[in-house]
Amino acid sequence: MKRLALLFLIASFAASTFAQTRHRAVSAPNNPATAGEPLRLLSPELLSRFVLARDVFASRMTVADGLGPVMNEVGCFACHLTPTTGGGSGQVVRRVGSVIAGVFDPLANRGGSVLQAQAIGPRNGATHQFNAEAIPAEATVSIIRRAQPLFGLGLVDATPDSTFIALAAQEAARGDGTAGRVNMVDNIAAGMKTAGKFGWKAQIPTLHQFAGDALLTEIGITNPQFPNENCPSGNCAELEFNPRPSLNDDGRLTDLLTDYMAMLAPPPRGAITPDVIAGETVFNRIGCNACHVSTLQTGTNSNPAYDRQTYHPFSDFLLHDMGSLGDGIEQDGAGGREFRTAPLWGLRFISPLLHDRRANGNHALEDAIVAHDGQGAHARDQFNALDAADRAKLLAFLQSL
């Protein structure tokens, strides 16, 4: 805790500069050579802030910091580490629920939809041994979701809701049955519903809320946005033994984690060969770009790093009905068959693929495409009909992302 407190003290000067966005820019490559680098056009002060925030992101939390009493990991780095800090990984969390007569129940009385698979005890310095959560007997749905990369998400955060609303309208106007929809969700800071952009179900509207939610749900650290501890397996009486019953984070930790994610640059592209260029044409021809939109632009912003920046996520960030590929979990306005279009940038760093890691091994890309259903079925069928040459070109393109 002393180490983190020192980091926060060092950060106090830089914190005020984060809102001061009209600083002189420093040069950085438009396309970083390696993953995990900061955005270009950040001021020297913000680059310093990025380094500090990255150190905090990579910190191991302790009971003194508010870890637990139940959690999934001891720090953000544990799940976001491939190919470097801030990436994704094959680490998973488990979600559960119960569906009775078509009605989804997140089992809040048993600890909620997310299972916390670890707990603190004497080994961690606590005086009481808490127990990790197990799948409740009432659960009729039990699925896993892998950790997603965080690269480039600051640009998504800086893209106005109107962009996603317009995208949904454009897709609907096509009339081809592939239109996505904006998931309007509770924005805690704004006190109203705004467009969900983050998470498998587009259930989170901002990176700041994403950071606060992850701190509580995955690490067990309460914060101003999420001040109430998770009751282990729904047994709130056990919180009597919580070694840190007060608010664990006053907001400074949440702010640092937000800043780190916001300043991470998009992942670099691989080599652009003739096959890669031809493969993108195949990608568009078979309809993958109906949902995996290649190019978006941020809104106006006083910070040049986010001001009308064009970026290439290969996602519309909208919810789509994925049919049998859905996970059965209803979450913050998203149905059991719906997923947010997964961004494809950085795809070459991700393994295994799909939310539940089912696509793995030498044919993971092909398996992931073939698993598409619902609104992705047409593109899947077009992929299945490709000849060997076009299929190879499409895979070369995907492997370059």
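The values are calculated or read from the model by the stated rules, or taken from the named source; none is laboratory data. Source: prediction; values computed, not measured. Neighbour counts are summed over all protein chains in view; Cβ atoms, including those assigned to glycine, are modelled from backbone coordinates with ideal geometry.
For Y306, are the conditions met, namely being surrounded by 15 or more Cβ atoms within 10 Å (Cβ to Cβ), within 21 Å of G87 (Cβ to Cβ) and not aliphatic (A, V, I, L, M)?
Values: surrounded by 15 or more Cβ atoms within 10 Å (Cβ to Cβ): yes; within 21 Å of G87 (Cβ to Cβ): no; not aliphatic (A, V, I, L, M): yes.
Judged against the criteria, Y306 is not a match.
Among the residues of region 122-173, which ones are surrounded by 17 or more Cβ atoms within 10 Å (Cβ to Cβ), modelled with pLDDT of 95 or more and assigned to a loop (DSSP other than H, G, I, E, B)?
Within region 122-173, F130, E133, P136, A139, A147, Q148, P149, L150, F151, G152, A158, T159 qualify.
What number of residues within region 197-254 are of a type outside the set (V, I, T) and outside any helix (DSSP H, G or I)? If you could, list the steps in order and put the result at the bottom.
Within region 197-254, the subset of a type outside the set (V, I, T) is 197-203, 205, 207-216, 218, 220, 223-253.
Those still in the list that are outside any helix (DSSP H, G or I) too: 197-203, 205, 220, 223-231, 235, 242-251.
Qualifying residue count for the region: 29.
So M192 ticks every box in (1) within 19 Å of C76 (Cα to Cα); (2) free of Cβ contacts under 8 Å to residues at least 60 places away in the same chain; (3) not acidic (D, E) but one. Which box is left unticked?
(1)
Going by what's in this entry, would T295 be described as in contact with a helix residue (DSSP H, G or I) (Cβ under 8 Å, 6 or more places away or on another chain) and either touching a residue at least 24 places away in the same chain (Cβ under 8 Å) or at negative phi (or both)? Break it down stepwise before answering.
Working: in contact with a helix residue (DSSP H, G or I) (Cβ under 8 Å, 6 or more places away or on another chain): no; either touching a residue at least 24 places away in the same chain (Cβ under 8 Å) or at negative phi (or both): yes.
Answer is no for this residue.
For region 298-325: of the residues being part of a loop (DSSP other than H, G, I, E, B) and aliphatic (A, V, I, L, M), which is nearest to A172 (Cα to Cα)?
By that ranking, first place goes to L318.
Restricting to region 84-121, name every residue that is surrounded by fewer than 18 Cβ atoms within 10 Å (Cβ to Cβ), in a loop (DSSP other than H, G, I, E, B) and aliphatic (A, V, I, L, M).
Once the filter is applied, which keeps residues that are surrounded by fewer than 18 Cβ atoms within 10 Å (Cβ to Cβ), in a loop (DSSP other than H, G, I, E, B) and aliphatic (A, V, I, L, M), region 84-121 yields A101, A117.
Taking the stated definitions as given, is N228 modelled with pLDDT of 95 or more, touching a Ser or Thr at 6+ places or on another chain (Cβ under 6 Å) and within 27 Å of A262 (Cα to Cα)? Steps first, answer last, please.
Values: modelled with pLDDT of 95 or more: yes; touching a Ser or Thr at 6+ places or on another chain (Cβ under 6 Å): no; within 27 Å of A262 (Cα to Cα): yes.
No.
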